[in-house]
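The next block holds one structure in the form of structure tokens; read it before the comments.
The values are calculated or read from the model by the stated rules, or taken from the named source; none is laboratory data. Just so we're clear, the structure is a prediction, and the values are computed from it rather than from any experiment. Cβ sites come from the backbone with ideal geometry, for glycine too, and all protein chains shown count toward neighbours. For the accessible areas, the whole protein counts, side chains as well, though only heavy atoms, and no ligand, DNA or RNA atoms are used. Shrake-Rupley method; radii C 1.70, N 1.55, O 1.52, S 1.80 Å.
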Amino acid sequence: MAADMRLPTIGKTVSLSISAPDRKDLVVPGDVITSDTGFMRGHGTYVDEDKLTASVAGEVQRVDKLICVRPLKTRFNGEVGDVVVGRITEVQQKRWKVETNSRLDSVLLLSSVNLPGGELRRRSAEDELTMREYLQEGDLISAEVQSVFSDGALSLHTRSLKYGKLGQGVLVQLSPSLIKRQKTHFHNLPCGASIILGNNGFVWLYPTPGQQEEEAGGFYTSLEPVSLSDREVISRLRNCLLALAAHKVLLYDTSVLYCYESSLQHQVKDILKPEVMEEIVMLTQQKLLEQEG
């Protein structure tokens with residue numbers, strides 16, 4: 001039987017100089033944030049003996065006189081305009097229920113999706129009967145948050161051609177707090193794969209498509225066999241995402257690409273070994289600091 005044995009090696013020394021102003025205030029439940037009574041109490045805080053105290057573990061954020069604590073690990077709290085990747089869990093009357101890593105299932109209304117062919121008309125009873133031809137249980141979709149209901153549930157839409165049903169690829173489930181908010185969350189990486197960084201912590205990796213069929217209205221999924229080279233690139237990116245997430249590094253296109261480049265000297269299966277993972281993440285952080293500096 002083959003056994004994998006690893007001997008200790010001398011690690012590379014990488015200097016990560018983080019100045020004092022860049023340090024974020026991290027607190028745990030019970031930590032006193034401030035005793036000044038001039039501040040307002042926000043999410044994740046409570047007042048105990050005239051002192052503002054943290055109720056969750058996370059990062060202190062100050063906006064003028066409002067103080068709140070953003071949890072380091074939490075369920076997804078969606079906002080209008082957020083890009084999400086979700087899985088259909090149930091087909092109901094004129095709507096689909098979608099799992100989006102939030103406290104409640106999200107809702108995708110039949111009137112909030114593009115009809116095949118891009119037709120613009122009212123949804124009829126015939127459309128309602130053929131809902132499973134569009135999306136059925138288990139299908140993965142990319143969508144945008146259209147509105148937030150009073151109970152916190154999200155209403156989604158896929159009216160743009162960049163949203164819709166997802167085809168062949170790999171889903172990586174991470175913490176929503178690790179996804180950096182950007183103008184666009186759809187990226188075609190130069191390594192030959194594409195990535196959708198959902199604000200809800202669901203990341204979708206897939207081979208960069210060729211010509212997209214616009215007549216499909218977002219429901220076309222290519223079932224062509226994926227080449228071995230594309231599968232290796234996607235597997236490497238998946239392991240890079242897990243390595244960055246394990247070391248609590250913010251995920252966006254630049255950090256993922258730097259991590260991919262740093263991992264090229266290792267085999268795909270070795271990336272998740274603790275010492276290799278630490279080396280790759282340290283090199284990635286160094287590149288990010290050099291870019292910012």
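Rounded, prolate or oblate: which fits region 88-132 when a ≥ b ≥ c are the square roots of the eigenvalues of the alpha-carbon gyration tensor, with rounded for a/c under 1.5 and prolate only if a/b beats b/c? All intermediate terms of the calculation are to be shown ahead of the outcome.
Working: a/c = 2.75, a/b = 1.95, b/c = 1.41.
Because a/c hits 1.5 or more and a/b exceeds b/c, region 88-132 counts as prolate.
Of SER102, SER35, SER160, the residue with the greatest mean-square motion in the GNM of the chain, using alpha carbon springs below 10 Å, is SER35.
GNM remark for the chain: springs join alpha carbons under 10 Å apart, and the peak mean-square fluctuation among MET277, MET40, MET131 falls on MET40.
Accessible surface comparison of ASP48, ASP253, probe 1.4 Å, protein chains only, largest first: the order is ASP48, ASP253.
Out of all Cα-Cα pairs in region 36-100, roughly what percent, to the nearest whole number, are more than 20 Å apart? Let's see the in-between values first.
Numbers: 1024 of 2080 pairs.
Within region 36-100, distances greater than 20 Å cover 49 percent of Cα pairs.
Note on ARG238: accessible area approximately 90 square angstrom, rounded to 10, probe 1.4 Å, nucleic acids and ligands left out.
For the chain, modelled as a GNM whose springs connect Cα atoms under 10 angstrom apart, the maximal fluctuation among GLY42, GLY78, GLY58 occurs at GLY42. Remark: accessible surface ordering of ASP64, ASP151 (largest first) is ASP64, ASP151, probe radius 1.4 Å.
Semi-axes of the equivalent ellipsoid of the chain are 36, 31, 15 Å, computed as sqrt(5λ) over the eigenvalues of the C-alpha gyration tensor in descending order. Taking all protein chains together, LYS73, LYS94 sort by accessible area into LYS73, LYS94, largest first [probe 1.4 Å]. Ignoring any ligand, DNA or RNA, what whole percent of the accessible area of the chain comes from carbon and sulfur when the probe is 1.4 angstrom? Its accessible area is 50 percent carbon and sulfur atoms. So which DSSP H runs in the chain come out at 20 Å plus along the axis (Cα) with average Kyte-Doolittle of at least 0.5? Passing helices, by number: 228-246. Let me know the shape class of region 149-293, please: from the alpha-carbon gyration tensor, a ≥ b ≥ c as square roots of the eigenvalues, rounded when a/c is under 1.5, otherwise prolate if a/b is greater than b/c, or oblate. Oblate is the answer for region 149-293, as a/c is 1.5 or above yet b/c matches or exceeds a/b. Among the cysteines of the chain, those with no neighbouring cysteine Cβ under 4.7 Å are CYS68, CYS191. Placing +1 on the Cβ of every Lys and Arg and -1 on the Cβ of every Asp and Glu, with no other charges, gives the chain a dipole of roughly 180 debye about its Cα centre.
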